[in-house]
Amino acid sequence: MEEEGLVDHRLAKVHSMKENSGPFFFATTLSTFCHDSAETLRDLTQALGQIVINYKELEELCIKMRRAASCIGGCRMVNACHELWRAFQNRSSRERCVTALNTTKQEFLLLQEKMDTLVELEKRIITH
């Protein structure tokens, strides 16, 4: 995943933290990230669909998601979130914001697929 540029060194760091935080730490962290990010993307989609766009709310949601992606090393998603945040900060057109949101969703789906696989592997390792 790191060779693909999908994640950076932070993912390995999170993985190493399970030594001190317990065997389920890594799997739980990734599952929580995926759940929370999916929820935030739903919130962003709903907020962007309102008649009057609350750009401040969108910026805050985007920052929340970018921080979470950064913590687990999801560097491509971080970059997509940054572009989305810039679209919100610049008060870009709805179309530009939707395009940036769709890019962020695509990066999340790629990352989520890999994270789900990692979680499944971690659970197998823990239970055997």
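Just a few scattered comments:
- The value of relative contact order for the chain, using C-alpha pairs under 8 Å at least six residues apart, is 33 percent.
- Summing +1 for each Lys or Arg and -1 for each Asp or Glu among the other residues whose beta-carbon sits under 11 angstrom from that of Ala87 gives +1.
- In this rough spin-label picture, where each label sits 7 Å from Cα along the Cβ direction, the Glu39-Arg124 distance is 2.9 nm.
- Sorted by Cβ density within 10 Å, fewest first, the residues Arg10, Arg124: Arg124, Arg10
- Radius of gyration, Dmax [the range 48-114; alpha carbons; angstrom]: 11.6, 36
- Phe24, Phe108 arranged by Cβ crowding within 10 Å, fewest neighbours leading: Phe24, Phe108
- Ranked by the mean number of other Cβ atoms within 10 Å of their residues, highest first, the peptides 97-106, 46-55, 79-88 fall in the order 79-88, 97-106, 46-55.
- For Phe25, the shell of other residues with beta-carbons less than 14 Å away shows a net charge of +1, using +1 for Lys and Arg and -1 for Asp and Glu.
- A Cβ-based charge dipole, computed about the Cα centre of the range 15-128 with Lys and Arg at +1 and Asp and Glu at -1, lands at about 240 debye.
- Taking other C-beta atoms within 10 angstrom as a stand-in for reagent exposure, Lys56, Lys18, Lys123 fall in the order Lys56, Lys123, Lys18, fewest first.
- Counting charges near Leu44 (Lys, Arg +1; Asp, Glu -1) among other residues having Cβ under 12 Å from its Cβ returns a value of -1.
- Hydrodynamic radius (Kirkwood) for the chain, which is based on Cα pairs only, to one decimal in Å: 15.2 Å
- Only lysines eight or more places from Lys105 in sequence, or on another chain, were considered; those with a Cα closer than 23 Å are Lys56, Lys64, Lys114.
Coordinate-derived values only; no laboratory data. Because the structure is a prediction, the values reported are computed rather than measured. Cβ coordinates were reconstructed from backbone atoms using ideal geometry, including for glycine residues, and neighbour counts include every protein chain displayed.
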